[in-house]
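The values are calculated or read from the model by the stated rules, or taken from the named source; none is laboratory data. Just so we're clear, the structure is a prediction, and the values are computed from it rather than from any experiment. Positions of Cβ are backbone-derived with ideal geometry, glycine not excepted, and every protein chain shown enters the neighbour counts.
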Amino acid sequence: MYRSLTIAAAVALFAVPAYAAGSCSRAPASQFQPTSALKAKLEKKGMKVRRIKVENGCYEVYGVTAKGQRVVAAYNAKTFARVSNAEAGEN
């Protein structure tokens, strides 16, 4: 039960309008936005970013919310659109 609530809270906190349609980028890595820009964007929303991994056109973010909840989320590396599957880049 606690895990379900944690996941639901993380999804609600970091929801982006493009969330449902998000997918990893197919653009070349030279067109990716810098990870520092994504980190700044998320920290502005109150997330403490622990690590960002680059995987197949996605940035996989590991962090902690202001309430101490762990978050694993994936973002399109070119547009920063939230990807519905946090493990999307690992396919």
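Restricted to the range 59-71, and to residues that are free of Cβ contacts under 8 Å to residues at least 24 places away in the same chain and surrounded by fewer than 17 Cβ atoms within 10 Å (Cβ to Cβ), which residue is nearest to ALA37 (Cα to Cα)? It would help to see each step written out before you state the result.
Taking the range 59-71 as the starting set, the residues that turn out to be free of Cβ contacts under 8 Å to residues at least 24 places away in the same chain are 61-64, 66, 68.
Filter once more, keeping what is surrounded by fewer than 17 Cβ atoms within 10 Å (Cβ to Cβ): 62, 64, 66, 68.
Values: TYR62: 15, VAL64: 18, ALA66: 19, GLY68: 22 Å.
By that ranking, first place goes to TYR62.
Answer yes or no as to whether PHE80 is at positive phi, of a type in the set (A, V, I, L, M, F, W, C) and at pLDDT 95 or above.
Answer is yes for this residue.
Condition first: exposed (fewer than 13 other Cβ atoms within 10 Å of the Cβ), at pLDDT 95 or above and part of a loop (DSSP other than H, G, I, E, B). Can you find one or more residues in the range 4-19 that meet it?
No - not one qualifying residue is present in the range 4-19.
Could you give every pair whose Cβ atoms fall below 8 Å, whose first residue belongs to the range 39-55 and is closer than 17 Å to GLN69 by Cα, and whose second residue is of a type in the set (Asp, Glu) and outside any strand (DSSP E or B), counting only separations of at least 6 or pairs across chains?
Pairs that qualify, where the first residue is closer than 17 Å to GLN69 by Cα and the partner is of a type in the set (Asp, Glu) and outside any strand (DSSP E or B), are VAL49/GLU43.
Quick check on my filter: what residues within the range 41-86 are part of a loop (DSSP other than H, G, I, E, B) and of a type in the set (S, T, N, Q)?
Listed by number, the residues that qualify are ASN56, THR65, GLN69, THR79, SER84, ASN85.
Filter the range 33-58 down to the residues that are farther than 12 Å from GLY22 by Cα and within 9 Å of the chain's Cα centre (by Cα), then identify the one that is surrounded by the most Cβ atoms within 10 Å (Cβ to Cβ).
Residue satisfying both the conditions and the ranking: LEU42.
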